[in-house]
1. Does region 101-116 hold any residues that are of a type in the set (A, V, I, L, M) and farther than 15 Å from S62 by Cα, and which are they?
2. I need the full set of residues from region 42-57 which are touching a strand residue (DSSP E or B) at 6+ places or on another chain (Cβ under 9 Å) and surrounded by fewer than 23 Cβ atoms within 10 Å (Cβ to Cβ), in order please.
3. Just to be sure I understand the filter: pairs with C-beta atoms under 6 Å, separated by 6 or more residues or on different chains, first member in region 4-28 and on the phi > 0 side of the Ramachandran plot, second member surrounded by 13 or more Cβ atoms within 10 Å (Cβ to Cβ) and at pLDDT 70 or above. Which pairs pass?
4. Looking at region 175-210, which of the residues that are more than 16 Å from F162 (Cβ to Cβ) and among the polar types (S, T, N, Q) is modelled with the highest pLDDT?
5. Answer with yes or no whether V194 is under 16 Å from the mean Cα position of the chain (by Cα) and over 19 Å from G125 (Cβ atoms).
6. Tell me, which residue of region 299-330 that is in a strand (DSSP E or B), touching a residue at least 24 places away in the same chain (Cβ under 8 Å) and in contact with a His (Cβ under 7 Å, 6 or more places away or on another chain) is surrounded by the most Cβ atoms within 10 Å (Cβ to Cβ)?
7. I'd like to know if region 156-178 contains one or more residues that are more than 27 Å from L7 (Cα to Cα), in a helix (DSSP H, G or I) and basic (K, R).
Amino acid sequence: MTVAAPLLRARNLVKHFDLRHGLARLVQPQHGHVVRAVDDVELEIRRGETLGLIGESGSGKSTLGRLAIRLLDADAGEVRFDGTDLLRLEPAELVRLRRRMQIIFQDPYASLNPRRTVEDIVGLGLRIHERSAAPSTRDRVVDMLERVGLSAAHLHRYPHQFSGGQRQRIGIARALVLRPDFVVCDEPVSALDVSIQAQIIALLNELKRDFGLTYLFISHDLSVVAHLADRIAVMYLGRIVETGPASRLIEAPAHPYTQALFAAVPRIDAGGERPPRLQGDMPSALDPPAGCRFHTRCPHAGERCRRVEPAPIEVAAGHTAACHLHGDGV
């Protein structure tokens, strides 16, 4: 079987936030002043696939998603989209490429301008990138609204007149009206009721199939990612610690952190031995531990884990884990 070429490839990607700047200068952290949100990350997303990105809150997932489409500028590294290094593009060049990269935000209440109608919100990208005439823009907005389960009757309404699920459908329509190639889905169902989550997940799958989309799907909900993803990447404290095909990673997680995440998922059956539950809190990104960043919570940690950062090791075809357990031992 031929493996699709990467549509997006990140190499040695770094993003730190200096708390001495802006309002954050009022914060006086106990350890340092730089949040190491994304630290030397490498990631590939193949054309036409859904890559699920999972991890606890504060692991750097959303920051990585924004770096992937250059909503944030990286401090170091490179992001290549369809062969083009996004970090080297001038603003005008980036604008021309922007229509091919879109994002669906987590909060359907905060991500829509309350002073704009649905027609204005969904049609904004068309007016910016195509300078379309009003009748042409309206027709395409209506077409996209219908694709996400809304209608022309909603054109002149405002966000406060919709439920959370309907607002997220508006956000999806806004992201897809330009027919992009790549969409970052930043926890798009986490703020919704479970019944509505299922509808939105089904819609995203349908739109992916119909439009040939590539997704980076960010979530902390393993059941959602398992339903959507072709491959899964696991992030912990600014680093990718495991990557692999979704089915294999779910059945045989190789990194102790991934094992602990899956052990925390409620199960009806109580049979079989399960990995230990995750204990303690994630260390601060202001002062990450030396060596393996997970060693402070890992039941298998040894002296080497405390001193030496593990490199990714292939544990099966296409499945890598950054853990000394799969190398020379701990």
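The values are calculated or read from the model by the stated rules, or taken from the named source; none is laboratory data. The model shown is predicted, which means the values in this text are computed figures rather than measured ones. A quick note on method: Cβ atoms are made from the backbone with ideal geometry, for glycine too, and the neighbour counts reach across all protein chains shown.
1. M101, A110, L112
2. Result: E42, L43, E44, R46, R47, G48, E49, E56.
3. Close Cβ pairs (under 6 Å, with a partner that is surrounded by 13 or more Cβ atoms within 10 Å (Cβ to Cβ) and at pLDDT 70 or above) amount to N12/D40; N12/G77.
4. N205
5. no
6. Filtering region 299-330 for residues that are in a strand (DSSP E or B), touching a residue at least 24 places away in the same chain (Cβ under 8 Å) and in contact with a His (Cβ under 7 Å, 6 or more places away or on another chain), the one surrounded by the most Cβ atoms within 10 Å (Cβ to Cβ) comes out as A321.
7. Yes; the residues of region 156-178 include at least one that is more than 27 Å from L7 (Cα to Cα), in a helix (DSSP H, G or I) and basic (K, R).
So that you can scan it fast, the table gives a plain yes or no per residue for (1) in contact (Cβ under 8 Å) with a residue 40 or more places away in the chain; (2) farther than 28 Å from R9 by Cα; (3) of a type in the set (G, A, S):
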| site | (1), (2), (3) |
| --- | --- |
| L150 | no, yes, no |
| R157 | yes, yes, no |
| A175 | yes, no, yes |
| L178 | yes, no, no |
| V183 | yes, no, no |
